[in-house]
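The values are calculated or read from the model by the stated rules, or taken from the named source; none is laboratory data. Computed from a prediction, not measured in an experiment: that's the story for all the values here. Please note: Cβ atoms are built from the backbone with ideal geometry, for glycine as well, and neighbour counts cover all protein chains shown.
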Amino acid sequence: MAHAGFVDGRSADSHAPPTDCRSSLPDLRTSLQPRILYATPEMADFVKTGGLGEVAGALPRALRRHYDVRVLVPGYRQVVGAFPQMPVVARLEAAAGIPACDLGLVEAGDGLRIYVLLSPDLYERDGTPYGGPEGDFADNDLRFARLSLAAAEIALGADPDWAADLLHLNDWQAALAPGYLAWRGARVPSVLTIHNLAYQGLFPRENLARLGVPEHAFQMNGVEFYGQLSFLKAGLYYASHVTTVSETYAREIMTPDSGCGLDGLIRTRAQQGRLSGILNGIDESWDPRTDPHLATRFEADDWKGKRANAEAVRRQFGLAVSRGPLFAIVSRLVHQKGIDLSIQAAETIVQEGGQLVVIGQGESRFEEALRGLSRRHPGSVGVHVGFRETDARRMFAGSDFLLMPSRFEPCGLAQMYAQRFGSLPIVRRTGGLADTVEDGVTGFTFADASPKGFSGALRRALDTFAQKKRLNDMRRNAMAKTFGWDAAAVRYASLYTRAFGNNAALRWRAA
């Protein structure tokens with residue numbers, strides 16, 4: 001099977017997408033649809049730990065109208081349990097120390113086809129996709145090398161009925177795939193999306209042989225990163241094009257402060273015209289007019305309906321009846337998210353007659369500090385350690401403000417959800433937060449990740465709450481934003497087209 005060459009180095013982001021995004025996507029709904037394999041370690045349909053899972057559940061569906069898209073995921077218990085009668089379409093043989101596994105193929109209710117790596121020993125475990133109570137799984141290198149190699153094998157015809165024309169790979173867990181193709185001399189186009197550069201998939205050099213990584217690739221122009229093997233660096237180096245999940249974050253990771261030691265390589269990819277920042281979207285279920293999880297559905301100007309949701313949230317968290325401002329935190333409880341800044345701000349919120357509700361889990365020190373806040377301020381602070389999406393939706397609908405003072409944020413989705421539900425985000429001006437929250441229009445932003453910087457934005461929010469006309473104007477502005485996936489789909493379509501090359505039509509096979 002012949003494959004088109006790599007991208008030609010021109011920027012795929014030289015102009016903004018047209019207003020009518022849907023109509024500008026290529027109309028390829030013919031027998032010549034290009035075949036895209038979207039490889040991801042998590043997918044919201046089955047399991048998610050953050051934004052990547054949400055994106056993997058939505059973007060392939062947004063692209064499906066115009067491409068033949070299939071998703072590749074590991075066969076976690078949640079996936080296998082959802083499809084007890086799963087057809088097997090191929091056997092993927094062992095390679096080096098990477099175990100063999102079966103390749104299942106299932107269809108979601110909306111017709112999206114999903115490849116599943118069937119290997120109980122590798123994937124059917126308790127905990128998150130990446131680890132358990134004692135930390136990361138010790139064999140994560142093998143688990144996700146298997147994912148990466150499977151993506152490459154599907155591109156090379158492992159399934160006799162379907163082969164990918166392009167790989168769209170997500171985060172370090174799938175980032176070895178372009179290397180596996182390059183080391184076999186296969187020129188299959190690939191797009192690597194970085195959802196968070198801080199997670200790089202670092203493993204000892206001694207693991208090269210069992211992962212099937214050739215010794216000659218262990219160098220600066222390859223997979224070596226300060227004496228270790230880096231899955232993510234492999235993807236950054238070998239992929240045809242690299243994307244990340246907001247324009248501001250794409251600029252930030254080219255700097256030493258945010259580049260996590262990879263800024264030099266990332267700048268090189270940018271100079272080649274092979275780096276893009278494409279903002280994530282949110283799906284249409286995030287709509288307060290139709291969301292079945294809310295205590296009361298509402299729309300802009302129906303502030304009575306929003307207050308009804310606030311009252312329901314207060315009851316759920318055991319807070320006192322109040323007409324004061326209600327603040328929410330819906331987040332992983334980790335340093336990156338500025339949780340320490342929010343904990344300090346909670347004292348000011350309570351002193352000013354406000355209330356705070358928190359849902360999330362993460363570092364034990366933050367979990368305990370938040371529980372302590374709740375004990376000190378009963379009736380004013382409510383905390384639930386854990387996560388349920390239904391509770392999160394109700395908190396967005398009922399709160400007046402969302403606290404999100406992240407030290408860095410590649411994209412962020414909570415601030416988008418909050419705006420759709422009329423909750424004004426208070427965010428640090430970084431990454432996707434800078435790209436989605438308009439200061440004084442749809443929320444409040446600040447520059448420095450410090451108590452002083454955060455408190456200034458918090459004070460402006462409290463002042464705005466006392467000015468009902470201004471508060472409601474900002475709510476209307478926020479709720480008018482859609483953050484749909486069509487704009488992102490246009491940008492990805494542009495990248496795919498460039499990656500296929502001018503003679504792509506010669507390669508697209510009849511479906």
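Listed values, structure above:
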{"quantity": "Index of the failed condition, Y496 passing every other in (1) crowded, with 21+ Cβ neighbours inside 10 Å; (2) out of contact with any Ser or Thr (no Cβ under 9 Å at 6 or more places or on another chain); (3) closer than 28 Å to A312 by Cα", "calculated": "(3)"}
{"quantity": "Listing of strands (runs of 3 or more DSSP E) fully contained in the range 215-301 that carry 3 or more residues being closer than 25 Å to A493 by Cβ", "calculated": "241-244, 275-277"}
{"quantity": "Of all residues making up the range 337-387, the number that are in contact with a Pro (Cβ under 6 Å, 6 or more places away or on another chain) and aromatic (F, W, Y)", "calculated": "0"}
{"quantity": "Where a residue in the range 329-356 is at positive phi and its partner, wherever it lies, is of a type outside the set (F, W, Y), with Cβ under 6 Å and at least six apart", "calculated": "G338/P405; G338/S406; G338/R407; G353/G324"}
{"quantity": "Residues located in the range 120-174, provided they are at pLDDT below 95 and at positive phi", "calculated": "G127, G135"}
{"quantity": "Within the range 332-445, helices (runs of 4 or more DSSP H) holding 1 or more residues that are surrounded by fewer than 19 Cβ atoms within 10 Å (Cβ to Cβ) and of a type in the set (S, T, N, Q)", "calculated": "339-351, 364-376, 389-398"}
{"quantity": "Which listed residue, of A182, A151, A164, A175, is within 20 Å of S494 (Cα to Cα) and in contact with a helix residue (DSSP H, G or I) (Cβ under 7 Å, 6 or more places away or on another chain)", "calculated": "A164"}
{"quantity": "Matching residues, the range 474-500, being of a type in the set (G, A, S) and not in a helix (DSSP H, G or I)", "calculated": "G484"}
{"quantity": "Pair list, Cβ < 7 Å and 6+ apart or interchain, from the range 146-172 residues that are in the same structural domain as L37 (by TED's automatic domain parsing) and of a type in the set (G, A, S) to residues that are surrounded by fewer than 24 Cβ atoms within 10 Å (Cβ to Cβ) and at pLDDT below 95", "calculated": "G157/M1; A163/M1"}
